[in-house]
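Trainee: Here it is, the structure in full.
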Amino acid sequence: MQQPMQAQTVIQGEVVISSGSDTLLTTLLGSCISVCMYDPIARIGGMNHFLLPTGEGCDNNTALRFGVNAMEKLINGILTSGGKRDRLLCKAFGGAAIVPSLGKIGHENAVFVIGYLADERISCIAQSLGGTQARRIRFWPATGKAQQNLVEDGRAISVQEQAYNKKEAAYEKKWKMSEVAHVELF
């Protein structure tokens, strides 16, 4: 008998790692980026969801809402769970220009993630970056399978952003107090 899928939503500032064949990671993206990374041999993978490339000029520049930290946490999480760096593959999504008042954040996020993956020599085998529509992403970390649906109604992003803002303060407090906050840079 097949186990039911365990769906988990990955919101801004989160990184989730799993090896469960019954795990489905989902997210909703506008200008944010999600990288779906996996080791196809170890069947371990994960997803991150970041808001900005770096935390330069911010009080807490170690937060996972910044791409540089979210990428390190994603890579380290897969490696710690048994993945091998030379086998890592990924798929990158997001970076849309949905809200004109946000300027070029989506584009800057896309440029960052492509540069980061090239610098780290991690193969990005698929990408859907830029444009003007939100994306709903589904990712099965054990297999590396990913699906993207374009979202016609940008209001869905606004709902997610409001939920994130409510959790942000509590998450930042937890981050500062947690020993898990250590990010190993390599």
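Trainee: Which of (1) part of a helix (DSSP H, G or I); (2) within 17 Å of Cys36 (Cβ to Cβ); (3) touching a residue at least 24 places away in the same chain (Cβ under 8 Å) does Asn69 not meet, given it meets every other one?
Mentor: Unmet condition: (2).
Trainee: Then there is this: If you scan the range 1-37, which residues turn out to be of a type in the set (A, V, I, L, M), farther than 18 Å from Ala126 by Cα and in contact (Cβ under 8 Å) with a residue 24 or more places away in the chain?
Mentor: The initial filter retains those residues of the range 1-37 that are of a type in the set (A, V, I, L, M), namely 1, 5, 7, 10-11, 15-17, 24-25, 28-29, 33, 35, 37.
Next, only the ones that are farther than 18 Å from Ala126 by Cα stay: 1, 5, 7, 10-11, 15-17, 24.
Answer for the range 1-37, where residues must be of a type in the set (A, V, I, L, M), farther than 18 Å from Ala126 by Cα and in contact (Cβ under 8 Å) with a residue 24 or more places away in the chain: Val10, Ile11, Val15, Val16, Ile17, Leu24.
Trainee: Filter the range 91-106 down to the residues that are of a type in the set (A, V, I, L, M) and either in a loop (DSSP other than H, G, I, E, B) or in contact with a helix residue (DSSP H, G or I) (Cβ under 9 Å, 6 or more places away or on another chain) (or both) and list them by number. Spell out the reasoning first.
Mentor: Initially, the range 91-106 is screened for residues of a type in the set (A, V, I, L, M), giving 92, 96-99, 102, 105.
Residues satisfying the conditions are Ala92, Ala96, Ala97, Ile98, Val99.
Trainee: What are the residues in the range 67-82 that are touching a Gly at 6+ places or on another chain (Cβ under 8 Å) and crowded, with 22+ Cβ neighbours inside 10 Å, if any?
Mentor: Within the range 67-82, Asn69, Ala70, Leu74, Ile78 qualify.
Bear in mind these aren't lab numbers, they're just calculated from the coordinates by the rules spelled out. Not measured: the values here are computed from a predicted model. Because the Cβ atoms are built from the backbone with ideal geometry, glycine has one as well, and the counts that use them run over all protein chains shown.
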